Amino acid sequence: MIRDCASIVRDFFCDRCGFEGLLLGGRLCEHCTLTDTLARLLDDGTGRIASKFLPLVKILLEMDRPKSRLILLRNPDVIRLLRGLATGSIPLTHDGLPQETPWRTVTHLRDLLMDSGVLPRVDRQLLLYQRWLTERLDIIEEPEHHQLLRRFAIRHQMRRLRTKAEKAPLGRSQTNHTKQEVTQAGAFLAWLADRGRTIGQCQQADIDAWHTESLATRRPSQSFLRWCMKTGRMPRLALPPAVITQDPERLHQHHRLAMLRRVLHDGSLPLRARVAAALVLLVCATRQPHRSPHHRRHHRRRDHHHRPTGRATVPAAGSRRRPDAGLHPDPTTSALRQQQEFTVALPRPSARTAHEPGQPPGPPA
Ligand SMILES: [Zn+2]
């Protein structure tokens, strides 16, 4: 055996650990070279590896074929990412890492951090969403829009998704909806910029125009708009109530009644939203098909009133009303009666506390 030849024997043993095999520069074996490389890259500035990274070092050293890890650690992106994590310039979080590029390297590194327990395991759909988000934000040229959407996604959406993922694995539909929210939020910011306004200068007319053009497509932007209002980034404005987007044919009568009661009596909702919702609910009620003979009789007798006039009615707060003119179980009859008896009038804010929810408004205060 070669090591028996006295003149060359030491060349085959690592200077540090005595391992016999291929030696690299500095006369160290691959394992010891890897240890040194990791110590250098993960030095937190004190000359030592921060304790939180020790589990990562452990699994990297325990894997077979240390040579492949040495090759990995020569990659400039890996070096930059590890240095950033070690020194704290890249936050060691599931929010911080996805902001980095290239995503394949980031994903590989994150897998290692999760495998070693340095980062907690996260939902697969959540990871896919984060990758999508990084790529989506990259194509937004306007820096302010980019920053705002990023904050929204991380501070609002990711928090929400993570809470859900803690209870059960996320479904694709959940992250698809979240993607729509970001896409439509970005579209809104660009649309508003075309109107010459920033989010902080947004007006009610903008919100109305935005939703009028294509409510179904643009509705996912509302999550972003609510967040902007809540965090003081835009003025508090009224958004169209979600009820408008529901298919009126599928809306069961008792649901409609419950919603109608709420929009008529719930003073906590914005007045504008209440009026819009009430109009839609009443117009839908006049178009609702009826099946029972009782309803058909009503239909025939009142047929000439049945064409929707586009002038649906909201009872005026404090209007004098017949005792049975409240929310009758038959919303068609009720809506028609209101159309016949009252002109369009908006619920007045002063009437908000004048009655209990579910009860018809009382006489004027
Ligand atoms: Zn060694």
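The values are calculated or read from the model by the stated rules, or taken from the named source; none is laboratory data. As the structure is a computational prediction, the values presented were derived from the model and not from experiment. In this analysis, Cβ positions are derived from the backbone assuming ideal geometry, glycine residues included, and neighbour counts consider all displayed protein chains.
A few points about this structure:
- As for region 141-152, it holds at least one residue that is more than 30 Å from residue 57 (Cα to Cα) and of a type in the set (S, T, N, Q).
- Selection within region 70-107 - more than 20 Å from residue 50 (Cα to Cα) and over 23 Å from the mean Cα position of the chain (by Cα): 70, 71, 72, 74, 75, 76, 77, 102, 104, 105
- Beta carbons closer than 7 Å, at least 6 apart along the sequence or on distinct chains, pair a first residue in region 214-228 that is in the same structural domain as residue 173 (by TED's automatic domain parsing) with a second that is surrounded by fewer than 20 Cβ atoms within 10 Å (Cβ to Cβ) and at pLDDT below 90 for 215/244; 215/245; 216/245; 219/245.
- Any chance residue 66 is assigned by TED's automatic domain parsing to the domain that holds residue 34, under 27 Å from residue 29 (Cβ atoms) and crowded, with 18+ Cβ neighbours inside 10 Å: yes
- One residue alone among 149, 170, 161, 137 is assigned to a loop (DSSP other than H, G, I, E, B), within 29 Å of residue 226 (Cβ to Cβ) and either in contact (Cβ under 8 Å) with a residue 60 or more places away in the chain or not assigned by TED's automatic domain parsing to the domain that holds residue 21 (or both), and that residue is 170.
- Breaking point among (1) over 25 Å from residue 30 (Cβ atoms); (2) at pLDDT 90 or above; (3) among the small types (Gly, Ala, Ser), for residue 96: (2)
- Complete set of residues in region 74-84 that are surrounded by fewer than 13 Cβ atoms within 10 Å (Cβ to Cβ) and part of a helix (DSSP H, G or I): 76
- Considering residues of region 8-58 that are within 13 Å of the ligand (Cβ to nearest atom) and aliphatic (A, V, I, L, M) only, the residue nearest to the chain's Cα centre (by Cα): 34
- Some residue of region 65-73 being assigned to a loop (DSSP other than H, G, I, E, B) and within 16 Å of the ligand (Cβ to nearest atom): yes
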